[in-house]
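Everything below concerns the one structure shown next.
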Amino acid sequence: MEKKSGTSSFFNKNTEDTRHLGRKRTYRKQLAKGEALPAYQAGYASLQAIFPEVAKQIGFDKKLAELALLGAWNGIVGTPLSLYTKAIKVQQRGAEKRLLVAVQNPSLATELSFQLSQLLSKLNKLAPQTGITLQGIDVKVGGVF
């Protein structure tokens, strides 16, 4: 008589789980006795060592650079303006990158328009750290406040 395939795979799965737990217990006993190396000495890489490469492979490094640039906005504009403005995102328009900034009212948009070239040069001084060189700043009234 044939065994049901669902039943045998269930038992095989449990056997695999049991073997895994047995290996973990054995490793812990060896580690306690000083007979085994800790994982960081056994050739495993630390997360800190592999994170930059993994982030680059999945494209997360670009998002981290953008977040670093957005986080620098408050320090660049200063306390009075940072209370009523917020850097939203870096927009890609063809070959150029532009920073989208939300302001609370139209008078702040006018104030920022007078300072755009100075703000842009300050933001672009961060380009070596972030890898983002901006070509302009777009101001949006209302939004995220």
Review point. Quick one: VAL54 ticks every box in (1) in the same structural domain as THR133 (by TED's automatic domain parsing); (2) part of a helix (DSSP H, G or I) bar one, so which box is it?
Key: (1)
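Tell me whether the stretch 91-109 contains one or more residues that are of a type in the set (A, V, I, L, M), in a loop (DSSP other than H, G, I, E, B), under 16 Å from LEU134 (Cβ atoms) and out of contact with any strand residue (DSSP E or B) (no Cβ under 8 Å at 6 or more places or on another chain).
Step one: of the stretch 91-109, the residues of a type in the set (A, V, I, L, M) are 95, 99-103, 108-109.
The next check asks that each one be in a loop (DSSP other than H, G, I, E, B); those that pass are 95.
This time we only want the ones that are under 16 Å from LEU134 (Cβ atoms), so: 95.
Add one more test, that the residue is out of contact with any strand residue (DSSP E or B) (no Cβ under 8 Å at 6 or more places or on another chain), and what stays is 95.
Yes, the stretch 91-109 has at least one match.
Out of GLU66, GLU96, GLU53, GLU111, I need the residue that is of a type in the set (D, E, K, R) and in contact (Cβ under 8 Å) with a residue 60 or more places away in the chain. Which one?
Just a single option satisfies the conditions, and that option is GLU66.
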Point to revise | VAL139, sole failed condition from (1) touching a residue at least 40 places away in the same chain (Cβ under 8 Å); (2) assigned to a strand (DSSP E or B); (3) touching a Leu at 6+ places or on another chain (Cβ under 7 Å) | key: (1)
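Is it the case, given these coordinates, that LEU83 is closer than 30 Å to GLN129 by Cβ and modelled with pLDDT of 60 or more?
Working: closer than 30 Å to GLN129 by Cβ: yes; modelled with pLDDT of 60 or more: yes.
Considered against the rule, which asks whether it is closer than 30 Å to GLN129 by Cβ and modelled with pLDDT of 60 or more, LEU83 comes out as yes.
The rows are residues; the columns are (1) within 16 Å of the chain's Cα centre (by Cα); (2) within 23 Å of GLY142 (Cβ to Cβ).
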site: GLY59; (1), (2): yes, no
site: GLU66; (1), (2): yes, yes
site: ARG93; (1), (2): no, yes
site: GLU96; (1), (2): no, no
site: GLU111; (1), (2): no, yes
Review point. Can you find a residue in the stretch 61-84 that is outside any helix (DSSP H, G or I), surrounded by 12 or more Cβ atoms within 10 Å (Cβ to Cβ) and among the hydroxyl-bearing types (Ser, Thr, Tyr)?
Key: yes
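The values are calculated or read from the model by the stated rules, or taken from the named source; none is laboratory data. Note that the coordinates shown come from a computational prediction; the quantities given were computed from them, not determined experimentally. Cβ atoms come from the backbone with ideal geometry, glycine included; neighbour counts cover every protein chain shown.
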